[in-house]
Amino acid sequence: MIRPATPDDLAAIRACAEAAYARYVPLIGRRPAPMDADYAALVAQGFARVAEVEGAVRGFVTFWPKDDHLYLDAVAVHPDAAGRGLGRALVGAAEAAGRAAGLGEIRLYTNAAMTGNLTLYPHLGYRQVDRRRDQGFDRVFFVKDL
């Protein structure tokens, strides 16, 4: 079940971010940005959704409207829940929020070291529009029309 995140979910969101992104620390050479995001602020503003499996938070997505598009900030699925379609469902929830807000596209970037994302996002209909060094990270930028 995908639902809006609440303050009661913060510990689970942070634990999920740690577990989901930890494997990238050696590849990137530092903690990926989602490991240190201000999830309390995102939850308070209504910019987070969680995926519950059997009553436990096993994934989350954060996003917000920005100018004329929806910015998809982070998607994480706890490794013990991987392969169940939670990531795709969470991305779908962000896309639905963008459509409901009347926004024409969704934008995101991912770290180039997160190679699974480089094939996942095109499979979900996103097109790569840029790749560059940004804030010390090698990032790949994607866009999808809503």
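A few comments on the model shown:
- Taking the centroid of alpha carbons for each part, the stretch 25-44 and the stretch 95-146 are 17 Å apart.
- Cβ-to-Cβ counts within 10 Å put Glu95, Glu18 in ascending order as Glu18, Glu95, the fewest first.
- Note on Glu18 and Glu52: the extension gain reaches 10.5 nm, defined as 0.36 nm multiplied by sequence separation minus the Cα-Cα distance.
- Here the calculated FRET efficiency for Arg99 and Ala11, from their Cβ-Cβ distance with R0 = 35 Å, stands at 0.70, rounded to the nearest 0.05.
- For the stretch 15-101, trypsin sites (Lys or Arg not before Pro) are listed when DSSP marks them as loop and at most 15 other Cβ atoms sit within 10 Å of their Cβ; the list is Arg30, Arg84.
- Under 14 Å from the Val143 label point (7 Å along Cα→beta-carbon), backbone N, the stretch 107-121: 107-109
- A Förster radius of 35 Å combined with the Cβ-Cβ distance from Arg132 to Asp80 puts the calculated FRET efficiency at roughly 0.55.
Where a number appears in this text, it was derived from the coordinates with a stated rule and is not lab data. Nothing here was measured: the structure is a model prediction, and the numbers come from that model. Don't worry about glycine lacking a Cβ; one is built from the backbone with ideal geometry, like all the others, and counts go over all protein chains shown.
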